[in-house]
Amino acid sequence: MSEGGLEKNLPQLRGQEGYKEWARQMKGYLMMIDAWGIVSGGEKCPTLASDRSNAEAVAAWTKTDNRAQGILMYKTSAEVSKCFEGKSTSKEIWDALKATYEKSDNGYSFSRFEHLINYPRFDETKSIVDQV
């Protein structure tokens, strides 16, 4: 069951551009459906007890993880989803997306920082008004 169809309003990740906003909105949605703990790795899948006394807990975790995997697959393009082929949990999918697309944002930030460092310095012998 969706949270009032809110997942329809989530953007689809198509590449590096917009990753940060997509991740922010996706995290919020995953929190709303009580799946963020699993996706972030905070809630590990319980190990099934030999007497199966915790089978319901394992099933509930698996159901929530499957739901999270589904929304992550639904809100990524076919090209983007190639980076998480072979992943078996929503955490693995989230981590693959983060590793693939977040580092590009860091590269952009570094290039902007480098541009700032190389920006021409003010000449202290001239009026600042003349240099602006």
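Every number in this text was worked out from the coordinates using simple rules, so none of it is lab data. None of the values given here were measured: they were computed from a predicted structure. Positions of Cβ are backbone-derived with ideal geometry, glycine not excepted, and every protein chain shown enters the neighbour counts.
A compact table of results
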{"quantity": "With Cα atoms, 0 to 90° folded angle of helix 90-117 axis to the chain main axis", "calculated": "10 degrees"}
{"quantity": "Cα-based convex hull volume of segment 11-118 per residue, rounded to whole Å³", "calculated": "109 Å³"}
{"quantity": "Computed [θ] at 222 nm, helices only, for the chain once each DSSP H run of length n ≥ 4 contributes -39500 (n - 2.57)", "calculated": "-18000 deg cm²/dmol"}
{"quantity": "All lysines inside 25 Å of K75 as judged from Cα atoms, apart from same-chain residues fewer than 8 positions distant", "calculated": "K8, K20, K27, K44, K63, K87, K91, K98, K103"}
{"quantity": "Loop-located trypsin sites (Lys or Arg not before Pro) in segment 25-73 whose Cβ has at most 16 other Cβ within 10 Å (DSSP)", "calculated": "K44, R52"}
{"quantity": "Helix 55-74 axis, angle to the chain major axis (alpha carbon atoms, nearest 10°)", "calculated": "40 degrees"}
{"quantity": "For segment 11-118: relative contact order, % (alpha-carbon pairs under 8 angstrom, 6 or more apart)", "calculated": "33 percent"}
{"quantity": "Spin-label pair M31/Y74, simplified geometry with 7 Å Cα→Cβ offset, distance in nm", "calculated": "2.0 nm"}
{"quantity": "Rounded tilt (10° steps) of 19-32 against the dominant C-alpha axis of the chain", "calculated": "30 degrees"}
